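Below is one structure; the comments refer to it alone.
The values are calculated or read from the model by the stated rules, or taken from the named source; none is laboratory data. None of the values given here were measured: they were computed from a predicted structure. Note: ideal-geometry Cβ built from the backbone for every residue, glycine included; neighbour counts use all protein chains shown. In case anyone asks, the SASA skips ligands and DNA or RNA and just uses the protein heavy atoms, side chains included. Shrake-Rupley method; radii C 1.70, N 1.55, O 1.52, S 1.80 Å.
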Amino acid sequence: MNKLNSNISNEVLEDFLDPHKVLHKGEKIVEITKAGEGNMNLVLRIKTNRRSFILKQSRSYAEKFPSIKAPIERINTEYLFYKTMINNGFKNNIPNIISYQKNDFFMILEDVGKSDFLNIYTSKNIDIKTIEILFEILNNIHSCKVVFDYPSNHKLKELNHQHMFVLPFNRDNGFDLNSIQYGLKELADDFIDDERLKIKALSIGDRYLRTGKTLLHGDFYPGSWMKYKNQIYVIDPEFSFLGDSEFDFAIFTAHLILINSDTSVLDHIENNFINKEHNKALYYKYIGIEIIRRLIGIAQLPINHTIEQKKKLLNFSKSLII
Ligand SMILES: Nc1ncnc2c1ncn2[C@@H]1O[C@H](COP(=O)(O)OP(=O)(O)OP(=O)(O)O)[C@@H](O)[C@H]1O
Ligand SMILES: [Mg+2]
């Protein structure tokens with residue numbers, strides 16, 4: 001495998017891309033920069049004299065934390081997610097795939113600009129129209145017919161499972177929570193001192209690890225949404241798998257709650273967007289888990305809630321789980 005890095009020169013990257021026929025005749029690379037703030041993969045924005053595109057390459061570890069092992073074939077999951085969306089007629093809310101090179105573990109994608117949604121945690125504002133569109137996109141994803149053997153994504157799910165269902169509930173996880181916010185460590189220690197909660201978390205985690213029938217995005221939170229040319233684009237489906245649609249809905253709902261630290265959002269979302277045929281209990285449990293792991297786990301968000309607000313959110317989450 002040819003491994004790229006962010007210091008690569010324009011000329012070396014041109015040579016690297018040459019056999020893959022990515023660049024057109026006369027097209028020259030003029031600038032290579034890091035695209036956004038990802039942790040897991042190498043993601044570069046390549047500007048040429050004609051256009052701009054994104055190159056994403058996976059490795060056998062997390063790009064920002066090399067000690068964390070991650071399955072290199074996750075880029076294939078991502079590619080197959082996009083392919084499935086295209087096959088089902090939903091190409092409007094995903095970037096175009098310009099090239100996919102399975103053996104070199106990279107994909108070249110249309111550049112859908114620099115406007116992500118991560119600022120909504122500080123602006124504490126997301127409008128109802130955007131929420132509606134995101135639910136529509138999620139329903140489209142879940143309605144996809146999957147015609148080939150979709151990857152189980154088991155290894156990446158195992159990694160996610162640790163960070164969602166196990167480590168946040170473990171006192172000795174080594175997370176330096178007080179460096180994130182003074183008092184967070186004590187809050188977390190008190191909160192997780194509850195055997196019932198740990199056992200419940202593990203049993204929901206078992207459910208997450210199963211394979212189901214519905215195509216999921218697997219990481220449907222503001223970091224996976226982009227605004228471009230008046231459209232919403234969904235990116236980064238490396239965590240996708242066939243599972244419970246309740247999981248995607250729950251992750252989405254958890255973040256809508258986290259944005260404002262407002263638990264009343266749940267009623268509104270439930271009444272307007274969650275179908276009667278969905279398993280409500282399961283939906284609630286996944287919401288609880290996602291809120292907890294975002295507050296006291298390693299995958300923190302750019303939120304600025306007080307310890308008191310976090311305490312309320314944690315207790316609310318516990319009530320959803322137990
Ligand atoms: N097609 C695209 N167009 C424009 N920007 C993009 C595109 N794909 C990725 N980016 C930018 O690069 C960032 C990282 O991309 P992505 O989330 O796919 O990488 P990742 O390594 O999987 O991240 P994470 O660690 O969050 O899982 C995105 O947040 C976004 O800002
Ligand atoms: Mg990712």
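Worth pointing out:
- For the chain, the pair-distance distribution built from all alpha carbon pairs, in bins 20 Å wide starting at 0, is 31, 58, 11, 0 percent.
- The range 170-241 shape via C-alpha gyration tensor axes, a/c threshold 1.5: oblate
- Summed over qualifying helices (DSSP H, 4 residues or more, each -39500 (n - 2.57)) and divided by its residue number, the chain shows a 222 nm mean residue ellipticity of -13000 deg cm²/dmol.
- Report note on the peptides 3-12, 91-100: ranked by the mean count of other C-beta atoms within 10 Å, highest first, their order is 91-100, 3-12.
- Comparing 178, 87, 41 in a Gaussian network model of the chain, where Cα atoms under 10 Å apart are tied by springs, the biggest mean-square fluctuation is seen for 178.
- Surface calculation, 1.4 Å probe, protein heavy atoms: residue 22 sits at approximately 10 Å² accessible.
- Burial order of peptide ranges 217-225, 166-174, 103-111 (average beta-carbon count within 10 Å, highest first): 217-225, 103-111, 166-174
- Calculated FRET value between residue 311 and residue 277, using beta carbons and R₀ = 30 Å, to 0.05: 0.30
- Low-density loop positions, trypsin sites (Lys or Arg not before Pro), the range 178-226 - DSSP coil, at most 14 other Cβ in 10 Å: 210, 213
- Acute angle (nearest 10 degrees) that the helix 74-87 long axis makes with the longest principal axis of the chain, alpha-carbon atoms: 80 degrees
- Computed over the range 10-110, the range of Cα coordinates on each principal axis works out to 38, 37, 25 Å, biggest value leading.
- Accessible area expressed per residue, the range 115-321, with surrounding protein chains retained (probe 1.4 Å, Å²): 45 Å²
- The number of Lys pairs in the range 204-322 with C-alpha atoms less than 30 Å apart, excluding pairs fewer than 8 positions apart on the same chain, is 19.
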